[in-house]
């Protein structure tokens with residue numbers, strides 16, 4: 001099955017599972033699990049939430065993969081950059097990214113998608129890592145941005 005079809009299938013699964021679920025953590029956990037299971041090339045798939053107590057920091061949320069960083073300051077690394085700018089970040093090789101945070105040195109490429117609530121406030125970022133260089137492209141951006149909009153906005 002090609003990548004486009006995988007995204008179509010997993011998007012439908014995620015929408016079916018999360019429909020009517022009000023708890024944000026349950027939605028994040030379900031999305032992380034199903035997305036991780038759908039793509040063999042996804043090494044780490046999960047969320048960093050904006051911390052209510054420290055609104056300039058992200059704190060690890062539901063994820064699938066090896067141990068994640070517990071906290072990431074806005075503007076630091078790929079996740080912090082996505083949080084600070086409100087824009088999706090696609091990085092072909094994280095080792096070349098200024099200020100990259102090596103939560104797990106096996107990660108090579110990464111895509112980070114900001115997650116907004118219905119009021120337009122940043123509530124989290126969706127972080128997906130791969131051990132393969134250049135694993136993410138515009139197709140990933142389009143599907144993941146639509147996925148988080150459908151599930152959280």
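Bear in mind that the values in this text are calculations on the coordinates, not laboratory data. What you are looking at is a predicted structure, and each value in this text was computed from that prediction instead of being measured. Glycine gets a Cβ as well: all are built from the backbone with ideal geometry, and neighbour counts include every protein chain shown.
Note down the nm distance, to one decimal, between modelled labels 7 Å out along Cα→Cβ at residue 106 and at residue 85.
2.8 nm
Using helices alone, what [θ] at 222 nm do you get for the chain, with -39,500 (n - 2.57) per DSSP H run of 4 or more residues, divided over all residues and rounded to the nearest 500?
-11500 deg cm²/dmol
Given a cut-off of under 8 Å on Cα pairs at least six residues apart, what relative contact order in percent is computed for the chain?
Normalised by residue count, the contact order of the chain is 21 percent.
How would 6, 54 line up from fewest to most surrounding beta-carbon atoms within 10 angstrom? Let's see the in-between values first.
Numbers: 6 15, 54 12.
Ascending Cβ contact count within 10 Å gives the list 54, 6.
Would you mind estimating how fast the chain diffuses translationally, via Stokes-Einstein at 20 °C and 1.002 mPa s with the Kirkwood radius over Cα pairs, in µm²/s?
Working: Rh = 15.2 Å.
In µm²/s, the coefficient is 141.
What do you get for Rg/Rh of region 69-120 when both radii come from the Cα atoms and Rh is the Kirkwood radius?
For region 69-120, the value is 0.99.
Please compute the contact order of region 12-92 in relative form: average sequence separation of alpha-carbon pairs under 8 Å and at least six residues apart, divided by the residue count, as a percent.
18 percent
Determine the principal axes of the Cα atoms in region 19-87, then give the extent along each, sorted from largest to smallest and rounded to whole angstroms.
Extents along the principal axes: 30, 30, 23 Å.
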